[in-house]
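These notes concern the structure reproduced below.
The values are calculated or read from the model by the stated rules, or taken from the named source; none is laboratory data. Keep in mind it's a predicted model, so treat the numbers as computed, not measured. Counting neighbours? That spans all protein chains shown, and the Cβs are built from the backbone with ideal geometry, glycine included.
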Amino acid sequence: MSVTAAGAGLCLRGRAGGMLRCFGLTNSLEAGLGLGERALDVLRGFGLAKELEAVSLPMGTEVNLLANPRGRPVELHRDELYKHRSLHWSDLHRMLIDALPRGTVRFGHTVAGIEQPGGDAVVVTASIAAPRGAKVPEGDFQAGEADPGAREPRMEEFRGDLAVAADGQMSATRRRNVPAGDSRRYSGYCAWREAPAEAAAARAAYPELGRALYFELSDARTHAVLYDLPGQRLNWLWYVNQPEPPLKSHSVTVKADEGKIADMYARAAETFSPALSALMRATQAPFINAIFDREPLQRWAFGRCVLVGEAAHPTTPHGLRSTNMAIEDAGGLAAALAAHPRDLEAALAAFQRTRIPDTTREAYLGNA
């Protein structure tokens, strides 16, 4: 079976059989993420256990603290069976790309359309040119493809049996297939975030960093998240209730100006324990991540095209849901295709029966 994935649909490796093409660009942000037990099992099932160990750290404990701006935070609760691992976005992307044959992932390709002319084929049209400023790993452009610095894209068609749309919460594929009114919803809050370099004071105040995830809860109806990343970097997020920020195009991130950053520093000192607010102040370029979701869909497959990840179920990031659910989608889709190698309709029906109830429940829990 020939599968073409638009976006980050990289996890079908080794399970669907046949040929796989993926279109995408690397994530340039030095942010981190946490993977839970089910997502980790999918990656290990794809033969990536050693690679995963090499690029991630264990987070076996979740610790909930009550913030104390005048001293040490107070422990409220701990979960010793958390069973997560932390890693950099860039390391996850590189691990997946390296696991695939060279040329599978086509950098600099932007999907312009997915057509189903009838019969047993789907046609994906892509424009080929790297956007200015995109980080394209050296050597990842194939012979005959556009140079990364090229300004004029050319169009190319790719014919296959199935198109997998993993093109994010602003999915153009979803927009073409789902009726009007399916717009993204601003959640009412944003996340300040960044992954600064080593901070000794934070490690002294949060001694289980490197094996635990910390939630610091404030009585000001806000909270922050803190955990360790490989390379001695600390990933922090602060969820703040605020009006929707101005965004460019399909972006969900905002580069904060000096005034906003100074205000954030001052509010952090009034809200969180001294070590955490000091870590935030030591971060030179924190950015703002606006949080959106959509109403869950009850159908992801449209002929020979299927939505996965945030294209299918964009949700809030609480509980580390979004990326974890996308990886679980990849595992579920690969398993369904392997179980029904000659019946795509049956495979997509089985995939939806398995995944839609679970992701719908997770999406509503994220808004609870």
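Before moving on, here are some points about what is shown:
- Exactly one residue among Gly309, Gly332, Gly319 is at pLDDT 95 or above and touching a helix residue (DSSP H, G or I) at 6+ places or on another chain (Cβ under 8 Å), and that residue is Gly332.
- Just one of (1) assigned by TED's automatic domain parsing to the domain that holds Val240; (2) more than 20 Å from Asn241 (Cα to Cα) fails for Gly168. It is (1).
- Qualifying residues in segment 75-101 (those that are in the same structural domain as Leu276 (by TED's automatic domain parsing) and loosely packed, with under 13 Cβ neighbours inside 10 Å) - the one nearest to Cys22 (Cα to Cα): Leu81
- Some residue of segment 350-365 being of a type in the set (A, V, I, L, M), touching a residue at least 60 places away in the same chain (Cβ under 8 Å) and surrounded by 23 or more Cβ atoms within 10 Å (Cβ to Cβ): no
A quick yes/no check of all residues on (1) more than 19 Å from Ile97 (Cα to Cα); (2) among the hydrophobic types (A, V, I, L, M, F, W, C); (3) at pLDDT 85 or above:
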{"site": "Glu138", "(1), (2), (3)": "no, no, no"}
{"site": "Glu145", "(1), (2), (3)": "no, no, no"}
{"site": "Ala150", "(1), (2), (3)": "yes, yes, no"}
{"site": "Glu157", "(1), (2), (3)": "yes, no, yes"}
{"site": "Ala163", "(1), (2), (3)": "no, yes, yes"}
{"site": "Ala166", "(1), (2), (3)": "no, yes, yes"}
{"site": "Ser171", "(1), (2), (3)": "yes, no, yes"}
{"site": "Pro179", "(1), (2), (3)": "yes, no, no"}
{"site": "Arg185", "(1), (2), (3)": "yes, no, yes"}
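- Meets criteria (within 22 Å of Asn235 (Cβ to Cβ) and either buried (at least 21 other Cβ atoms within 10 Å of the Cβ) or modelled with pLDDT of 70 or more (or both)) for Leu29: no
- Matching residues in segment 174-217 - criterion: being in the same structural domain as Thr253 (by TED's automatic domain parsing), touching a strand residue (DSSP E or B) at 6+ places or on another chain (Cβ under 9 Å) and part of a helix (DSSP H, G or I): Ala202, Arg203
- Among (1) outside any strand (DSSP E or B); (2) under 26 Å from Arg185 (Cβ atoms) - the single one Trp238 does not satisfy: (1)
- Pair list, Cβ < 6 Å and 6+ apart or interchain, from segment 297-315 residues that are in contact (Cβ under 8 Å) with a residue 60 or more places away in the chain and under 9 Å from Leu348 (Cβ atoms) to residues that are of a type in the set (A, V, I, L, M, F, W, C) and buried (at least 21 other Cβ atoms within 10 Å of the Cβ): Arg304/Val122; Arg304/Leu162; Val306/Val164; Val306/Trp300; Val306/Leu348
- Flag if Pro274 is touching a residue at least 60 places away in the same chain (Cβ under 8 Å), surrounded by fewer than 21 Cβ atoms within 10 Å (Cβ to Cβ) and not charged (D, E, K, R): yes
- Elements of the type helices (runs of 4 or more DSSP H) sitting completely within segment 255-368 and holding at least 3 residues that are closer than 16 Å to Ala165 by Cα: these cover 322-339, 344-366.
- Residue within segment 244-259 that is at negative phi, in contact with a Lys or Arg (Cβ under 7 Å, 6 or more places away or on another chain), surrounded by fewer than 17 Cβ atoms within 10 Å (Cβ to Cβ) and not assigned by TED's automatic domain parsing to the domain that holds Thr359 present: no
- Test for Gly309: is it surrounded by 20 or more Cβ atoms within 10 Å (Cβ to Cβ) and at positive phi: yes
- Subset of segment 164-212 (residues that are of a type in the set (Val, Ile, Thr) and within 21 Å of the chain's Cα centre (by Cα)): Val164, Thr173
- Residue under evaluation Phe292, criteria (1) buried (at least 20 other Cβ atoms within 10 Å of the Cβ); (2) closer than 28 Å to Phe215 by Cα; (3) within 21 Å of the chain's Cα centre (by Cα), criterion not met: (1)
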